[in-house]
Ligand SMILES: Nc1ncnc2c1ncn2[C@@H]1O[C@H](COP(=O)(O)OP(=O)(O)O)[C@@H](O)[C@H]1O
Ligand SMILES: [Mg+2]
């Protein structure tokens, strides 16, 4: 199961990516979490101390030069060794800090983009593990070839018109790229929230309430795991994976049904 998480800034994409990755890992599935955002907050959301979060691949100029070249760009660089070389391994959960495909800055933006895309395509097409990609905002930077290998797109929104309008916009762009398997997650939603009639919204997979256990911790720690309200989070993760699985039944993928052990 390979999923990408998109949505307007601040809606909870990184938080949800961490939750789903952690859930799958606790269900015994080898899972890779890819931080493809400029903000690079997935590592800290998992509770990693700053010193154990590697710098993003997008800033590793010598590796980029080594694989992609300098000036003459090799569009199919060798990347198969990179996931294991660059990951942070947390049991079943692996974190890969790539940085933003869109925001690859500095002197070698094209080279950096070529390497990021090649690595994403490798993870999507040639690896069988679960993969969750935390995106910048939308999917437009992924490109048609990359997006075709994503099983499903999770679009996160808050219960606000603007956030849902962005969700609908992202859904439309993703569908244009061929990514039609989509699920909407309404985050920080009061119980019983009704969706406004905004054309183009994907089907709602689940609503997740504002979690007091997370809000209370915010000032003290960026970690979003090990919450006292983890049962609510796990229920949400199951609903999302089931929504994707219903749509993905033909792939033979089956969402973990059982309650995780710990
Ligand atoms: N359901 C929730 N309840 C309480 N706090 C939440 C919830 N979802 C997200 N947050 C908090 O909201 C903030 C923004 O979330 P984040 O995942 O970083 O958003 P994004 O990646 O979309 O920019 C974080 O501090 C996160 O811990
Ligand atoms: Mg984020």
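The values are calculated or read from the model by the stated rules, or taken from the named source; none is laboratory data. Keep in mind that what you see is a predicted model, and the values were worked out from it rather than measured. As a convention, Cβ positions derive from the backbone with ideal geometry for all residues, glycine included, and neighbour counts pool all protein chains shown.
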If I filter segment 24-33 for residues that are within 15 Å of ligand 2 (Cβ to nearest atom), at pLDDT 95 or above and within 12 Å of the chain's Cα centre (by Cα), do I get at least one hit? yes
If we ask which residues in segment 222-252 are out of contact with any strand residue (DSSP E or B) (no Cβ under 9 Å at 6 or more places or on another chain), assigned to a helix (DSSP H, G or I) and modelled with pLDDT of 95 or more, their number turns out to be 3
Exception for residue 225 within (1) away from ligand 2 (no atom under 16 Å from the Cβ); (2) touching a helix residue (DSSP H, G or I) at 6+ places or on another chain (Cβ under 7 Å); (3) over 21 Å from residue 167 (Cβ atoms) falls at (1)
Q.
Could you go through segment 60-78 and let me know if any residue there is within 16 Å of ligand 1 (Cβ to nearest atom) and out of contact with any helix residue (DSSP H, G or I) (no Cβ under 6 Å at 6 or more places or on another chain).
A. no
Those helices (runs of 4 or more DSSP H) completely within segment 1-75 that have 2 or more residues that are surrounded by fewer than 19 Cβ atoms within 10 Å (Cβ to Cβ) and in contact (Cβ under 8 Å) with a residue 40 or more places away in the chain are 61-68
Result of the Cβ filter at 9 Å on segment 224-241, keeping first residues that are in contact (Cβ under 8 Å) with a residue 60 or more places away in the chain and partners that are surrounded by fewer than 17 Cβ atoms within 10 Å (Cβ to Cβ) and in a helix (DSSP H, G or I), at least 6 apart or interchain, is 224/217
Filter segment 177-220 for residues that are in a loop (DSSP other than H, G, I, E, B) and within 16 Å of ligand 2 (Cβ to nearest atom); the one that is surrounded by the fewest Cβ atoms within 10 Å (Cβ to Cβ) is 218
